[in-house]
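Colleague: Quick one: the structure is below, and I'll ask about it shortly.
A short reminder: the numbers here are calculations on the coordinates, not readings from a lab. Note that the coordinates shown come from a computational prediction; the quantities given were computed from them, not determined experimentally. Neighbour counts are summed over all protein chains in view; Cβ atoms, including those assigned to glycine, are modelled from backbone coordinates with ideal geometry.
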Amino acid sequence: MRVYVINLDRHTQRLARMHDVLGDVDFERIAAVEAACTGGPEHRHKLPLRFEDMTRFERACAASHAAAWQKLLESGASHACILEDDVLLSPDFSVFMADAGWVPEGCDVVKIETFAKKAMISRQLQPCRGRGLGRLYSTHLGAAGYVLSRQGAQKMLAHAARPARPVDHLLFDVPAIVEGLSVLQLDPALCMQLQKATHGQPEGEFQSSIQTSKDLAAKRTLPQKLAWEITRPWRQLMDFLQQWRKRASLRGIKFR
């Protein structure tokens, strides 16, 4: 099992922290792509459905992850764990990184992160080194920590040149946007983004460059705000119906 940490050259504090967090776990740094090098708009007001709508930050994030996928293929290893440099890790993270024997055959991706949201996974979990593995049946965003197989890397790289969605949507927006991608969830999860875990906004290097929904709302024009409010009841109804349908199978992915 290879371990790759995606890190910008200028984020030396983040890298130093990851050395401390990972301890004896060997890892390879993947030089993240600077947003300034990618082009693209500064902001967006809706989920992009084509590459032209992707912000420069989303393009840079996708290119950085693609570099890790390519590194896995070049390494000859069967699997790699890909981490962003702002994660908290479980104390038994190293147990899962010792080998890839716990990843079921035919699985492309195992999400080892929780995004502090409810997600729908298999009712019956496969025992896995003190945790459980279940198939992911609903959207569970975030790409701060996941294990990727070689066949998964090949499938993802086919979409890497001009991705139509942010990288976490490509991986974990279920039904999968990437055709044929087999995705499992580890529960409890092994990692969580620092921002999610602290319920606050980190400072300095640890601030995220990716826009949040609050950021987007603040940047909407008056016509966009009016349209958003007019359609709010319809969106709330659709969300309620969707959650009602899934309610019996929803579970919160814990972090331990």
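Colleague: Could you pull out the GluC sites (Glu not before Pro) across the range 43-106 that fall in loop regions by DSSP (anything but H, G, I, E, B) with no more than 11 other Cβ atoms inside 10 Å?
Modeller: GLU105
Colleague: Pairs of lysine in the range 2-211 with Cα under 20 Å and at least 8 positions apart or on different chains: total?
Modeller: 6
Colleague: Under 8 Å for C-alpha pairs, at least 6 residues apart: give me the relative contact order for the range 2-211, rounded to a whole percent.
Modeller: Rounded, it is 26 percent for the range 2-211.
Colleague: Rg and Dmax in Å for the range 2-211, alpha carbons only: what are they?
Modeller: 16.1, 45
Colleague: Turning to a different aspect of this structure: Dipole of the range 93-156, Cα-centred, from +1 at each Lys and Arg C-beta and -1 at each Asp and Glu C-beta, to the nearest 20 debye?
Modeller: 260 debye
Colleague: Which value, in debye to the nearest 20, describes the size of the charge dipole of the range 36-94 about its Cα centre when Lys and Arg Cβ atoms bear +1, Asp and Glu Cβ atoms bear -1, and nothing else is charged?
Modeller: With Lys and Arg at +1 and Asp and Glu at -1, about 280 debye.
Colleague: Using alpha-carbon positions, what is the distance between the centroids of the range 1-71 and the range 103-165, in Å?
Modeller: 18 Å
Colleague: What fraction of the DSSP beta bridges in the range 2-211 is antiparallel, stated in percent and rounded to the nearest 5?
Modeller: So the antiparallel bridges amount to about 60 percent of the total.
Colleague: Could you give the size of the charge dipole of the range 2-211 about its Cα centre, using +1 on the Cβ of each K and R and -1 on the Cβ of each D and E, expressed in debye and rounded to the nearest 20?
Modeller: That gives a dipole near 600 debye.
Colleague: Between GLU34 and GLN126, what is 0.36 nm times their sequence separation minus the Cα-Cα distance? Round to one decimal in nm.
Modeller: That works out to 29.2 nm of additional length.
Colleague: Hey, can you rank 17-28, 90-101, 132-143 by average C-beta count inside 10 Å, highest first?
Modeller: Packing order, densest peptide first, comes out as 132-143, 90-101, 17-28.
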